[in-house]
1. I need a count of the residues in segment 74-110 that are part of a helix (DSSP H, G or I), of a type outside the set (S, T, N, Q) and without any contact (Cβ under 8 Å) to a residue 12 or more places away in the chain.
2. Among what's in segment 496-545 and is in contact with a helix residue (DSSP H, G or I) (Cβ under 8 Å, 6 or more places away or on another chain) and among the basic types (Lys, Arg), pick the residue that is farthest from ARG462 (Cα to Cα).
3. Against the condition under 36 Å from the mean Cα position of the chain (by Cα), surrounded by 13 or more Cβ atoms within 10 Å (Cβ to Cβ) and modelled with pLDDT under 80, how does GLY429 come out, does it pass?
4. For segment 164-190, how many residues are among the acidic types (Asp, Glu) and farther than 23 Å from ILE271 by Cα?
5. Sort out which residues of segment 215-240 are in a helix (DSSP H, G or I) and within 16 Å of GLU189 (Cβ to Cβ), and write them in order of number.
6. Return yes when LYS193 is touching a Gly at 6+ places or on another chain (Cβ under 9 Å), surrounded by 15 or more Cβ atoms within 10 Å (Cβ to Cβ) and not polar (S, T, N, Q) and no when it is not.
7. Kindly list the number of the only condition in (1) modelled with pLDDT of 95 or more; (2) surrounded by 17 or more Cβ atoms within 10 Å (Cβ to Cβ); (3) over 15 Å from GLU291 (Cα atoms) that fails for LYS580.
Amino acid sequence: MTQVKPLRLKAQRAPKKVTVASENPVVQVCVDTGVFHLPDTYDYLVPEVLSDQVLLGVFVKIPFGREEVLGYVQSREPSLLDSKSLKTLSKVISPIPLLTEELIEIVNLTCERYACKPWDVIRSAIPARAASVESEFLGQAIPQISDIKPKLEHQVSVTKKFEDLPRTINQILGKLRLDEQLLVIVPDERDIKQLLTFDFDTEPVLLTSDSSKSDRYKNYLKARFLQSKFIVGNRGSIFTPLAPNSTILIFNDGDESMYERRFPSWNVRDIAMLRSGEFSLHFIGASPSLEVIRLAELGWLKTKKSEKNSSKPKAAIHFSNSNVSDIALMKAGLKKGNVLVVMAETGYINSIACQKCRNQARCECGGKMFLPSKSSPLTCAICEKTSKDFACSWCDGKTIRSISKGSSRIADEIAKAVPGYRVILSKGGSRVDDISELKENVLVLASYGCEPLGDFNTVILRSLENLSNRVELRSLESVRRVIFENRGRVVDQNDSVMYLDLSSDNLLSQGLLRNDPYANSLIEMKERESLNLPPYCRIAILQGDTSAIRQIARNLEDNNLFSALAVQEKGDGTAESKGKSKLIIRSEIARSQEFSEFFRDLARYRGIKGLPPLQLRMDPFSI
């Protein structure tokens, strides 16, 4: 028989007596509550033992409800509340103040614009802590803020070649004063690798997603305390603390990688604009975003175009309605130099049909069949079931027909058409960044965004008609940028060639013939203004249960803040989207502040009422 142990009363631990700081005993902490309708900032008492470490921008742990949560110090001022009702700060996570007063303000402004909480932004803005590297910066003096009024200059530069970017960087570095910094933000790791192939007057400090956790954190601390002269980073580095009157240089602000994928889906351009009162902004690229061009047209940005040669570019330009094939241009180009062929579709054969009845090949589960590689069997896109032999479910035909070829398949076909030349494939998983050191003439087949550095006698752009006519919000803008970026890869010689698979009377083709992406963008902007599309409006997307989305749409029909409402009830086919709908809401750009306030109020209301939260994206890259 099991022996029953005697009952014992659970001992209650008396709270330890804490001596409160004699000077400035109260601190204001931005608390990670995780609840939208609660305030962000709360007052806490500072223990005397921690008083010297509790500085503005330091991360701390504090009691909140029954838990201990994270927070950061916003200020240290007297409280209007009775100190007896205040709880005491528990712990200093690190004595190093990671945030500056300016950065705390920018986080708050980001919350106002994107209807989010400070900690939604902090998780993207501050690199993950690596305690092992902090010893080098303990006791480091906090850089003092200068009282000198900054002399700011905001501009946009339209470039011809990628080489214009490092040239501009060296020009800016040469003009910086002793206590000023340059922060360069580029879309992805490919841009950073290509940028680092050039020589700079100052060694850059890297804040990239490719860096190790400790390296990224250490470099953030260098930028914060040592005020590194030259900083290069990706999207998240837009929040890097900088000395007053520094410069932020943004390359290709319209690239999708410049948009945060997680809530609150902020973008680099908008955060830079929020920081424009302290730092000079310089947007640079082959074809600026429509938002940047709008600012230039308003006179807020100065426009600086690359110096034009006295004559037009020497390269001949051919289009899909020209009397010449792209294969013929490849053969001729390889005799004179390197040839670049750029296309959208990766893979081998991405879509297959029956040669006999022309119906698309499908698996028993309903998924579409494709060929991942030359030696692979037929594969289902859904269940990944493979089959060596094809048998059409409609007519029992045994022969397949290619509908959509990927870059790998096209590479095989082109290699047969131009024998004797080396073919290099550059795509996501096997990207080639630079071919400038090669001594032989090569044929490079690249996906868009994976084009290597190098001089090309011939550049052929495929899939442009498909890309420019996609339903995405910025399809035309994105294609314009890749056209002019690749125009810069063509050597400026009389025998060089560029080919576009667009008709010569296409808007983008005409822009290339005039060699003026800025003027070409203005034509699209006029159309967007008449249709009330960005950059002349703001867009928000709410996603949630269909019943809730329908109810919100009905309630907003008569609200004059919104210029257009549209409900999308068809999901993307995934299990997560079942029973979900989207509400796409537009408002005039002049009512931007009211637009943001509405979504903050909506989130608070639903939180107070205990309603399920809705997913929100403000000013997304695509709908």
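1. Final tally of qualifying residues: 2.
2. ARG538
3. No.
4. Residues meeting the conditions: 1.
5. Within segment 215-240, ASP215, ARG216, ASN219, ARG235, GLY236, SER237 meet the criteria.
6. no
7. Among (1) modelled with pLDDT of 95 or more; (2) surrounded by 17 or more Cβ atoms within 10 Å (Cβ to Cβ); (3) over 15 Å from GLU291 (Cα atoms), LYS580 violates only (1).
A quick yes/no check of all residues on (1) surrounded by fewer than 18 Cβ atoms within 10 Å (Cβ to Cβ); (2) in a loop (DSSP other than H, G, I, E, B); (3) touching a residue at least 12 places away in the same chain (Cβ under 8 Å):
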site	(1), (2), (3)
PRO419	yes, yes, no
LEU425	no, no, yes
LEU438	yes, yes, yes
ALA446	no, no, yes
ILE460	no, no, yes
GLU465	yes, no, yes
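The values are calculated or read from the model by the stated rules, or taken from the named source; none is laboratory data. In this text, all values refer to a predicted model and were calculated from it rather than measured experimentally. Cβ coordinates were reconstructed from backbone atoms using ideal geometry, including for glycine residues, and neighbour counts include every protein chain displayed. Areas reflect the complete protein model, heavy atoms only, side chains present, ligands, DNA and RNA absent. Shrake-Rupley method; radii C 1.70, N 1.55, O 1.52, S 1.80 Å.
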